[in-house]
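Enquirer: My structure is below; once you've seen it, I'll send some questions.
Please treat every number below as a calculation from the coordinates, not as lab data. All figures in this text were calculated on a predicted structure; none of them were measured in a lab. Note that we place each Cβ from the backbone using ideal geometry, even for glycine, and neighbour counts take in every protein chain shown.
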Amino acid sequence: MEHRVYILGKTNIGGVYQGTRTQVHTMLELAGTIDFALNDWFRDPGDIEEYVLQKIGAVGAVPTELPRATPYRIVDRWSARFDARVLLTSSLSGFRSEKNIR
């Protein structure tokens, strides 16, 4: 099952993680591969819709493509391998998530 792993504006990059996690004393060791997938359209290179039309409440009122430009699909797939060690106790770790920030 592919999950969203990164979002930039309206562009989503999905991914599938395969790997292992092993507890070693006070550490969690992670190793694996993430297969990424990008499937999007390039249609508004100036981000007119995001930065101008949304602010004035006029999304859809005017075309945002460049004159005589043709929108095109962007499709890519790639993999990355990683190895990491993190502390099991999140309060001792440099990593902070919304769940453990108070």
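Enquirer: Could you give the nm distance between label points at Leu28 and Asp76, where each point is 7 Å from its Cα heading toward the beta carbon?
Expert: Taking the two extended label points, one gets 3.0 nm.
Enquirer: Under the rule of at least 5 residues apart or a separate chain, name every residue whose amide H is placed under 5 Å from the amide H of Val5.
Expert: For Val5, the qualifying residues are Ile13, Gly14, Gly15.
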